[in-house]
């Protein structure tokens, strides 16, 4: 268009623009931005793992969550030794700890996971006698796994 044509193409407003159009457009842009920002808080479908950075007493605790439709549908909380052997499978450890503490890994890990599934992103789990250290680690690991789920990043995150 030539400049003469542009002048004639201004429409019926006599060259003046209504202020409400600009306000409506700005409101629409802001609303779209808020909706997109809210999407960043949702967890994406998939499996997400967080593990402690260091071994403690020969074990490295980890949590793995499965997310579907922004809901944690399953989870595993356990520990592994340097060879990858799972703590809950160690029958001798289970017998010793069960006798001394009244609890053992296969029991308390399921209890912590049950509380997570029930409370979802609220990780205010009750500490289980004999599993205080594991409970503390669980409270550190779960938010890290949830943060990975929000990003959609399935790489294992290390937690201090």
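Below, the figures for the structure above:
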quantity: Given (1) under 19 Å from residue 41 (Cβ atoms); (2) part of a helix (DSSP H, G or I); (3) at pLDDT below 65, number of the condition residue 145 does not satisfy; calculated: (3)
quantity: Condition check for residue 123: touching a strand residue (DSSP E or B) at 6+ places or on another chain (Cβ under 7 Å) and either at pLDDT 90 or above or under 20 Å from residue 48 (Cβ atoms) (or both); calculated: no
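The values are calculated or read from the model by the stated rules, or taken from the named source; none is laboratory data. These numbers were taken from a predicted model, which means no experiment stands behind them. Positions of Cβ are backbone-derived with ideal geometry, glycine not excepted, and every protein chain shown enters the neighbour counts.
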